[in-house]
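Each remark here refers to the structure printed beneath this line.
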Amino acid sequence: MGLASKRKGHWRYRCWQKLFLALIGFPLAAGLLLAFVAIFRAVFVHQQNQSVLHILNNQVVDKIDESQIMQRAERLAGALKIPSVSYATDNQEKEALLQLQQYLQTNFPLIHSATFIKKEVINTYSLLYTVEGTIKGKLPYLLASHLDVVPVDPSTWEVPPFSGKIINRTYIYGRGAIDDKCGVLGIMEAVEYIIQKGERPQRTFFMAFGHDEEISGKRGAQELAKTLKARGIDHLDFVLDEGFPLTKDLIPGTDKHIAMVGISEKGTATLELSVSGNPGHSSFPPEESAIGILAAAVARLEENPQPSLLGKGPESATFKYLAPHDNVVPPSAKAVINHRVHPSQTVAEVIAYDRKIISDPRVHIRVKTSREAHPVSPFGQDCIPFQMIVISIKQVFTDAVVVPAVFIANTDTRWYLSFTTNLYRFLPTVVMPEDVSRYHGNNERISVQHYHQAVSFYYRVIKNADVLIDQVPASTVNNGDEEL
Ligand SMILES: [Zn+2]
């Protein structure tokens, strides 16, 4: 190789070097710098978060006054006497809902006369309270519960379901004792107590009580959410709604309380399968009847259930057949299948799976109703609202093991999904093995002690949220406090 070509080669090398630096080197260096800044910030934020959570964890827990335990239990029992039942859409005990509003107004006089609390009746039956904190400009949070209850079959109750009886000063019986009047009254007791002590929360928050959670929340929580939006509030720091209660002695191998905080909710997909064929008489049945084709499709689905996700399969599907009668071969047959949609799958994936398994073009699939699973809320060490809830649980239930979980039922949180990614579902009461069937079942009850702990939990949440105020992002709206 001659000198000229060597020089040429060198020049070429320099050119490549420059090109390399321009194309890869500089972006790489800039990327490394950015990564370094991001890591530094993450470590810094992590340490800052940990130190503030440490303060929260180690603060002297100021407890709610125990002398009022029985009075609070009696106030809950009074609310359980009001049969605010939701039977179906357009079928609710509306008079009872109005009665319940009046009951809250009368029994929580401090909340209703506080100058920093605004009460609004939304869509006639739902309630929105704005508790204006002393410190402005921080993102507010929202505590949710619902005013309605599911129907009862009184003949199967040991204690009349709307008698509001406290048995042996130990158990408060009545429909709604767990789901979810202990939430509504529990939150209100905590706020009433704070005012009674002459205090006022630092942070602004909402108490949002829908009146139709058991039948979709469309007229209650949806309207509550719209009211907030109309006020310019489209961002919340976190939402805490009902969810799993704590369990005790239900999981073998531990005698600790297990607190599962819902970080997502399963979605639903109700599919209608139908087959149309020719009608005929059973004495001359076609080779394949509509029922036969449909039954085969359903059998294939039964044999090939949706894949198990995160170690748990979907809820067992419900099959409902429209039974043929007389001796006529019906021209068509239908089946309804209800799926629960896991957070790691979509409704479209569920349908695609069913279609693949059925693999018969004569079976028509129609989506009757569907709802995607909720996004998974953050639950890591650096998620301050989640950790604050964990610490609040442990301050009240000192031995509790707190774990994130997918909530299997649906709540009003779906109406608040656009406000925050921090949506948590938790019911601060304890369900013992003998109580499991009482939830939406017969003889629903809460013990006086557990109700006291529920009130204490909400009190701790409000107090702890205040301790963390410096960590809360700023709010661009002033929460409408000028209206108060
Ligand atoms: Zn509920």
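Remark on Ser332: its backbone amide H falls under 5 Å from those of Gly277, a criterion applied only to residues 5 or more positions apart or on other chains, H modelled at 1.01 Å from N.
The modelled label-to-label distance for the pair His364/Val436, using points 7 Å beyond Cα in the direction of Cβ, is 4.2 nm. Translational diffusion of the range 164-291, estimated by Stokes-Einstein from the Kirkwood radius over alpha carbon pairs at 20 °C in a medium of 1.002 mPa s, is 105 µm² per second. Look at where the Cα atoms of the range 209-230 and of the range 43-119 average out, and the two centres are 18 Å apart. Quick check: from the Cα gyration tensor, does the range 155-214 come out rounded (a/c under 1.5), prolate or oblate? Note, shape of the range 155-214 comes out oblate.
Sites listed here are GluC sites (Glu not before Pro) in the range 109-194 whose DSSP assignment is loop and whose Cβ has at most 12 other Cβ atoms within 10 Å: Glu158. Between Ala348 and Val60, the distance separating the two model label sites (each 7 Å from Cα on the Cα→Cβ line) works out to 5.8 nm. Within the shell of other residues whose beta carbon sits under 10 angstrom from the beta carbon of Tyr103, the net charge comes to +2, with Lys and Arg scored +1 and Asp and Glu -1.
Counted residue by residue at 0.36 nm each, then reduced by the alpha carbon distance between them, the extension gain from Thr89 to Thr398 reaches 107.1 nm.
For the listed peptides 371-378, 70-77, a ranking on the average number of other beta carbons within 10 Å per residue, highest first, reads 70-77, 371-378. Computed over the alpha-carbon atoms, the range 342-477 gives an Rg to Rh ratio of 1.08, Rh here being the Kirkwood radius from the mean inverse distance.
Most tightly packed first, judged by the mean number of other beta-carbon atoms within 10 Å of their residues, the peptides 218-230, 201-213 read 201-213, 218-230. Secondary structure note: in the range 76-228, about 70% of the DSSP beta bridges are antiparallel.
Values in this text are rule-based calculations from the coordinates and carry no lab data. Note that the coordinates shown come from a computational prediction; the quantities given were computed from them, not determined experimentally. In this analysis, Cβ positions are derived from the backbone assuming ideal geometry, glycine residues included, and neighbour counts consider all displayed protein chains.
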